[in-house]
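Below is one structure, written out as structure tokens; comments come after it.
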Amino acid sequence: MARQTFWKGYLKLSLVTAAVSLTPATTESNKVRFHVLNRQTKHRVESRYVDSVTHKPVAERDQVKGYPRGEDDYVLLEDEEIEEVGLESTRTIEIDSFVPRGSIDWIWYDKPHFLAPEDKVGVEAFCVIREAMKANDVVGIARLVLYRRERAVLLEPLGKGIVLWTLRYGDEVRDPIAELDDKAEIDSKLLTLMTQLVKEETKDWSPTMVQDPIQKRLKSMIRGKQKSLKKAAPAEKPAPVKSTGNVINIMDALKKSLAAEGGRKPR
């Protein structure tokens with residue numbers, strides 16, 4: 001299955017710029033997902049915001065974000081106010097500094113993405129930036145708006161491409177364990193036996209080591225239930241609509257729709 005590009009923009013280092021595209025390096029598309037249904041009607045159940053006191057649904061236009069400052073007391077913030085303090089989404093990954101490769105602990109790494117040149121014109125610039133980082137054994141640090149949030153990102157050369165990692169925020173990483181007694185003595189015989197055991201159990205990495213057995217069991221159970229269910233009667237096909245042959249009018253309608261969409265203010 002072809003990877004789906006979800007971000008396009010530019011990679012910039014000083015005056016060198018390359019058009020690039022970004023693709024998530026991981027996927028959850030194979031994960032079993034369920035809908036919540038009404039047991040009686042088999043209709044899907046909708047999730048809605050309701051007032052915690054009146055229990056009445058709250059329309060989207062009446063919803064506002066609030067920061068608690070006391071019991072039932074909030075500072076209200078409009079979406080426009082929150083967006084103003086963030087980084088402008090310029091669609092540019094501008095590398096502003098470099099750090100030695102391996103100097104950032106794994107705990108700061110969040111989500112990996114594949115970064116690749118978007119067109120033939122930008123290939124040379126992309127490759128120059130990648131090879132320069134390889135030659136200096138460094139990774140680049142930049143900032144980028146992704147998933148509707150401003151994020152610090154790390155760019156690391158990998159093979160013919162570059163991996164872009166989103167990094168965790170400083171307040172998301174906890175301090176490591178500091179209460180362990182590092183002066184405790186270890187029995188040398190016990191250590192020898194444990195070292196030998198670790199050596200015997202060491203093998204080459206394989207993706208099969210991290211397969212999800214629960215997903216396999218769920219899929220097997222679903223297949224079993226599907227076989228036991230009677231096939232539903234096929235829905236009646238609607239009568240075919242007679243074609244007027246007026247293809248040009250459809251094209252005009254599409255163009256007018258696109259023009260109307262372009263004239264609307266972004267939400």
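The values are calculated or read from the model by the stated rules, or taken from the named source; none is laboratory data. In this text, all values refer to a predicted model and were calculated from it rather than measured experimentally. With ligands, DNA and RNA removed, areas are computed over all heavy atoms of the protein, side chains included. Shrake-Rupley method; radii C 1.70, N 1.55, O 1.52, S 1.80 Å.
Surface composition of segment 19-79: carbon plus sulfur atoms contribute 49% of the solvent-accessible area (1.4 Å probe, protein chains only, all chains present). Ligands, DNA and RNA are left out, and with a 1.4 angstrom probe the accessible area of segment 1-158 is 78 Å² per residue. In percent, how large is the relative contact order of segment 128-205, given Cα pairs closer than 8 Å and 6 or more residues apart? Relative contact order here is 17 percent.
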